[in-house]
Structure formats: structure tokens, C-alpha cells
Amino acid sequence: MSSSALHAPARPALWATAARVMVPALWLGLVIGISFIEAPLKFQAPGITIPLGLGIGRLVFFAMNLVEILLFILLLLGTVKRGTDRLWNWGVAAAGFILLLKTAAIRPGLSQRTDAVLAGTSEGGSLWHYAYIGAECLLTATLVTLMVMAVRRWVQISPR
């Protein structure tokens, strides 16, 4: 190994840079597609009853949370490589905290509420829904911020 290779400037691995740019974009698309488009429209489809819509929603959001956890792990792996700064790390930590809040605190409350509606002991609607929407809005803002930071820092567009 040459001495110049030993003293090469520190650069993040290409896959880590790709993860920093692509994962927030993919995650944002998932949140917009499911939380802001599919979930509200589902109940407007002909023939969808409240129990059927809640059952579909429970399955979809469970799958979405699994994918979000995978995306966060990929983003975290891309972050631990060289080339990130404190602001980026705080953004990734914020996304992780919001994901943890949604998965561990808000979704169990929503599940209890869904169980009550399906059992006929509640008419639906609760503060848990507003908490989830608020968390999704915060996550959306965080992911947009991460995308802007990633593109500014790691995407180089060369003039023609």
C-alpha cells in the first residue's frame, strides 16, 4: 500500500452518501403516500365500512412502521460513516425520536381506540389521531430538512 493511500483525505463511503440522499426522500414519499393520501381517502371509497377501513389501516400502518424502522436503520448506518456534522446528526436523531414516539407511544393508543370502535364501545375519533398527525407533520418537516441538507452537501452537479 502506498503512503499516499494511507494519507488520503477522509471521504464517506459512496453507499453512505447515497443513503443520506435517498433514504429521506424514500421515507418522505412513504409518509406522504400513506399518511396524507391513502389514510384519509380510504374511508371515502364506496363500500368501505368503518370496521373494514380500520382493519385495512391497522395492517397498512403496521407495515409502514416496519419499513420506516428499516429506513431509519439505513439512514443511521449512512450517518455513522465519516462526513456528517452535528446539525445532520441532530436531524437524524430527531427523525428517530419521532419514529420512536409514533411506534412506541402513539400507535398503542390508536390501537386501543380502534379496538374500542370495533367493539362498539366508542364512536371513533380521538386525540391519538391528532397526536399521530402532528408526529407525521414533524417527521415530514424533518425529512424535508434532511433532504435539503443532503442535496446541498453531497450532490454535486457539474456544469455542461
Starting from the stretch 74-91, take each residue that is over 17 Å from MET22 (Cβ atoms) and list its partners that are open to solvent by 60 Å² or more (accessible area, probe 1.4 Å) and in a helix (DSSP H, G or I), counting only C-beta distances under 9 angstrom and pairs at least six apart or across chains.
ASP85/ARG153
I'd like to verify a number: residues in the stretch 89-110 that are under 17 Å from ALA135 (Cβ atoms) and either surrounded by 15 or more Cβ atoms within 10 Å (Cβ to Cβ) or of a type in the set (Phe, Trp, Tyr) (or both), how many?
15
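Yes or no, residue by residue, for (1) within 30 Å of ARG152 (Cα to Cα); (2) of a type outside the set (Gly, Ala, Ser); (3) under 20 Å from the mean Cα position of the chain (by Cα); (4) not in a helix (DSSP H, G or I):
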position: GLY47; (1), (2), (3), (4): no, no, no, yes
position: GLY53; (1), (2), (3), (4): no, no, no, no
position: ALA63; (1), (2), (3), (4): no, no, yes, no
position: GLU68; (1), (2), (3), (4): yes, yes, yes, no
position: LEU77; (1), (2), (3), (4): yes, yes, yes, no
position: ARG82; (1), (2), (3), (4): yes, yes, no, yes
position: LEU101; (1), (2), (3), (4): yes, yes, yes, no
Going through (1) modelled with pLDDT under 95; (2) under 25 Å from PRO40 (Cβ atoms) one by one, TRP154 fails only at (2)
Going by what's in this entry, would ASN65 be described as in contact with a Ser or Thr (Cβ under 9 Å, 6 or more places away or on another chain), open to solvent by 50 Å² or more (accessible area, probe 1.4 Å), free of Cβ contacts under 8 Å to residues at least 60 places away in the same chain and closer than 17 Å to PRO24 by Cα?
no
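The values are calculated or read from the model by the stated rules, or taken from the named source; none is laboratory data. It should be emphasised that the depicted structure is a prediction, and the values quoted were computed from it without experimental measurement. Glycine also receives a Cβ, built like all others from the backbone with ideal geometry; neighbour counts cover every protein chain displayed. The protein model used for the area step is the full one, side chains on, heavy atoms only, and it has no ligands, DNA or RNA in it. Shrake-Rupley method; radii C 1.70, N 1.55, O 1.52, S 1.80 Å.
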